[in-house]
Every structure is written in C-alpha cells, then in structure tokens.
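Engineer: Pasting in a structure now, in structure tokens, and then I'll have a few things to ask.
The values are calculated or read from the model by the stated rules, or taken from the named source; none is laboratory data. Just so it is clear, the structure is predicted and the values come from calculations on it, not from any experiment. Here the Cβ positions follow ideal geometry from the backbone for every residue, glycine too, while neighbour counts run over all protein chains shown.
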Amino acid sequence: MSKPKHPRSVAETEALAITYNIRVSPRKLNLVAQTIRGAKAQDAIAQLTFSKRRIAVTVRKTLESAIANAENNHQLDVDRLVVSRAEVGRAMVMKRFMARGRGKAAQVEKWFSHLKIVVAEQAVSQEAA
C-alpha cells in the first residue's frame, strides 16, 4: 500500500540535472545558458571551461551532473548526448539597502536563479558511404 512511482518528467532518451538558488541574476545566467543550447555535450563542456564568466563554472558542474545521470541512471551513450534544453528560472530575491546622502536609503536587490539542463541522446544517423 505504498504510493505509486512518480512518472518521469522527461523522455526515455533524456536525462536532467537541476541546480537551485544560484547566486546570479537570471539575465546573466541566461547569457551563459544560451551558448550551450543545442550543442553537443562535449563541445558545451569545452566552451564552458574556457568561458570568462564566473557563473560558467556552476553551469559546467550542472551539465556534467546531467551527463553522469544519463550514463549511470539511464544507460545512455555519452558520445551521442546533446544539450536539448537549458532553462533558467527566477528564484528568491534578497533585499538589502545602501546608505545614501542626507539619511536616505536605496534598495539593492540580490537575485538568485534556478538552472535546469536536459541532455538527450541523438539518434544514429545513417549516412551512405
């Protein structure tokens, strides 16, 4: 009399990894996520490794986690993996203040983001030789 299993939210040929509450604004994170959307997994890792943006390290860790999930949990071929989706979402916003002149204060918002990366196994292409 246990609960039924939770159905998979992605297809059988896909695997995902999610990182919550990343300390960067969604706008900045989306710039890095755009660079890897649709790319082969190994090319995306290489691109993130040599990126100058600070958040690229966290995105690379999430991508490597998705690849590891595909290999170990779903028995997908690592060489045929492609980043099918890289979704960025808003998380909480910390509100702080900065002291201004004449005893006034200005609000400072520190944005957080969520990142969801889905890798999919590409079908084998049948090329005539």
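Engineer: Quickly run through region 48-65 and pick out the residues that are buried (at least 16 other Cβ atoms within 10 Å of the Cβ) and either among the small types (Gly, Ala, Ser) or over 12 Å from the mean Cα position of the chain (by Cα) (or both).
Structural biologist: Ser51, Ala56, Ser65
Engineer: Before we move on, is Leu76 closer than 21 Å to Ala120 by Cα and either in a strand (DSSP E or B) or hydrophobic (A, V, I, L, M, F, W, C) (or both)?
Structural biologist: yes
Engineer: Report yes if some residue within region 40-49 is touching a residue at least 40 places away in the same chain (Cβ under 8 Å), farther than 14 Å from Glu121 by Cα and not small (Gly, Ala, Ser); otherwise report no.
Structural biologist: So far as region 40-49 goes, no, none of its residues is touching a residue at least 40 places away in the same chain (Cβ under 8 Å), farther than 14 Å from Glu121 by Cα and not small (Gly, Ala, Ser).
Engineer: Looking at Val24, is it touching a Pro at 6+ places or on another chain (Cβ under 7 Å) and either more than 22 Å from Val124 (Cβ to Cβ) or of a type outside the set (Lys, Arg) (or both)?
Structural biologist: Here the answer is no, as Val24 does not meet what is asked.
Engineer: Condition first: of a type in the set (Phe, Trp, Tyr) and either touching a helix residue (DSSP H, G or I) at 6+ places or on another chain (Cβ under 8 Å) or surrounded by 17 or more Cβ atoms within 10 Å (Cβ to Cβ) (or both). Now tell me which residues in region 1-47 satisfy that.
Structural biologist: If the condition is that a residue be of a type in the set (Phe, Trp, Tyr) and either touching a helix residue (DSSP H, G or I) at 6+ places or on another chain (Cβ under 8 Å) or surrounded by 17 or more Cβ atoms within 10 Å (Cβ to Cβ) (or both), then no residue fits.
Engineer: Continuing with this model, one more query. Taking Ser113 as meeting all but one of (1) surrounded by 11 or more Cβ atoms within 10 Å (Cβ to Cβ); (2) over 26 Å from Ser9 (Cβ atoms); (3) of a type in the set (Gly, Ala, Ser), write down the number of the exception.
Structural biologist: (2)
Engineer: Could you check how many residues of region 91-105 are touching a residue at least 24 places away in the same chain (Cβ under 8 Å) and exposed (fewer than 13 other Cβ atoms within 10 Å of the Cβ)?
Structural biologist: 1
Engineer: All but one of (1) outside any strand (DSSP E or B); (2) surrounded by fewer than 17 Cβ atoms within 10 Å (Cβ to Cβ); (3) of a type outside the set (Gly, Ala, Ser) hold for Val108; state the number of the condition that does not hold.
Structural biologist: Result: Val108 fails condition (1) only.
Engineer: Output yes when any residue across region 85-101 is closer than 30 Å to Thr13 by Cβ, at pLDDT 95 or above and of a type in the set (Val, Ile, Thr), and no when none is.
Structural biologist: Yes - at least one qualifying residue is present in region 85-101.
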